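K.L.:
Take a look at this one; I'll ask things after.
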Amino acid sequence: MFKNISMIVAMTKKTNAIGRKNDMLYHLPEDLKYFKQTTSGHTIVVGYNTYMSFPKRPLPNRKNIVLTRKDRVLEGAEIFHSVEDVLNYAKKNPEEQIFIAGGDTIYKQFMEYASKLFVTLIDENETVDAEAYFPKIDEKVWEKIQERNGENSSNKTPDYCFTVWERR
């Protein structure tokens, strides 16, 4: 576990669904604002497809690290080729807060190293059609330390809440 590595995700409550066709399942303005406020001034680590899905690249006011096996040059982002590269970076920069921000493969690779989870839980009345999922949050390993409801601005938007989890 690394004290300076956290994860941030928006997922459905029942199935942990996070995305379909390289896009988020829901576009919740308050969640996007929460993501920006939480990660601003820090480092984010994302996979190549997640990075390319951002409407604006690199995300401003953050160090953008893209984890990919491909040899790429992405203006404004650093390329790392392995989980070990990210972990070595975290070791060398213990004061830097690093947020793992997707996609599903990246989340799975870092779940054992994160010390905190920032999770927006979205109610789903019906199972959503998804291709990407966040790993199960084992409550024997994680303790919910914060929860607050999101502001629901329309009937078309599902209910959701912001939670923070710490490793026990």
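K.L.:
Please work out how much length the chain gains when fully extended from Glu95 to Met52, using 0.36 nm per residue of separation minus the C-alpha to C-alpha distance, in nm with one decimal. Can you show the working numbers first?
P.N.:
On the way: separation 43, 0.36 × 43 = 15.48 nm, distance 2.78 nm.
In short, 12.7 nm is gained.
K.L.:
Shifting gears a bit: Nearest 10 degrees, 0 to 90: what angle lies between the long axis of helix 29-39 and the longest principal axis of the chain (Cα atoms)?
P.N.:
Between the helix axis and the principal axis of the chain, the angle is about 30 degrees.
K.L.:
Under 12 Å from the Cβ of Gln97, count the other residues' Cβ atoms, weight Lys and Arg +1, Asp and Glu -1, and hand me the total.
P.N.:
So the surrounding residues net to +2.
K.L.:
Work out how far the C-alpha atoms of segment 95-168 reach from end to end along every principal axis, then list the three figures in whole Å, largest first.
P.N.:
41, 28, 26
K.L.:
Could you sort 89-100, 52-63 so that the peptide with the highest average Cβ count within 10 Å comes first and the rest follow in order? Show your work: numbers first, answer last.
P.N.:
Values: 89-100: 15.7, 52-63: 13.5.
Those peptides, ordered most packed to least, come out 89-100, 52-63.
K.L.:
Just the number please: accessible area per residue for segment 45-159, 1.4 Å probe, all protein chains included, in Å². Write out the running numbers ahead of the final one.
P.N.:
Details: 7010 Å² over 115 residues.
Each residue of segment 45-159 exposes 61 Å² on average to a 1.4 Å probe.
K.L.:
So, one more: Between 0 and 90 degrees, rounded to the nearest ten: what's the tilt of helix 83-92 against the longest Cα principal axis of the chain?
P.N.:
That works out to roughly 80 degrees.
K.L.:
Return the distance in nm (one decimal) between the two label points of a simple spin-label model at Lys70 and Glu151, each offset 7 Å from Cα along Cα→Cβ.
P.N.:
About 3.8 nm, to one decimal.
K.L.:
For segment 13-154, with only Lys/Arg (+1) and Asp/Glu (-1) charged at the beta-carbon, what is the dipole magnitude about the Cα centre, in debye rounded to 20? Walk me through the numbers on the way to the answer.
P.N.:
Details: 21 positive and 22 negative charges, 71 e Å.
Roughly 340 debye, rounded to the nearest 20.
K.L.:
Calculate the spin-label point distance for His27 paired with Thr127, positioning each point 7 Å from the Cα along the beta-carbon direction, and give it in nanometres.
P.N.:
Those two pseudo-labels are separated by 2.7 nm.
K.L.:
Show log10 I(q)/I(0) for segment 9-48 at q = 0.22, 0.27, 0.33 Å⁻¹, two decimals, from a solvent-free Debye sum over equal Cα scatterers.
P.N.:
Per q value, in the given order, log10 I(q)/I(0) is -0.88, -1.10, -1.14.
K.L.:
I'd like the carbon and sulfur percentage of the solvent accessible area for segment 23-142, probe radius 1.4 Å, heavy atoms only, ligands and nucleic acids excluded. It would help to have the intermediate numbers written out before the result.
P.N.:
Values: 3200 of 6670 Å².
The nonpolar share, carbon plus sulfur, comes to 48 percent.
The values are calculated or read from the model by the stated rules, or taken from the named source; none is laboratory data. Since the structure is predicted, the reported quantities are computational estimates derived from the model, not experimental observations. When we count neighbours, we look across all protein chains shown, and the Cβ atoms used for this are built from the backbone with ideal geometry, even at glycine. Surface areas here come from the heavy atoms of the whole protein model, side chains and all, with no ligands, DNA or RNA. Shrake-Rupley method; radii C 1.70, N 1.55, O 1.52, S 1.80 Å.
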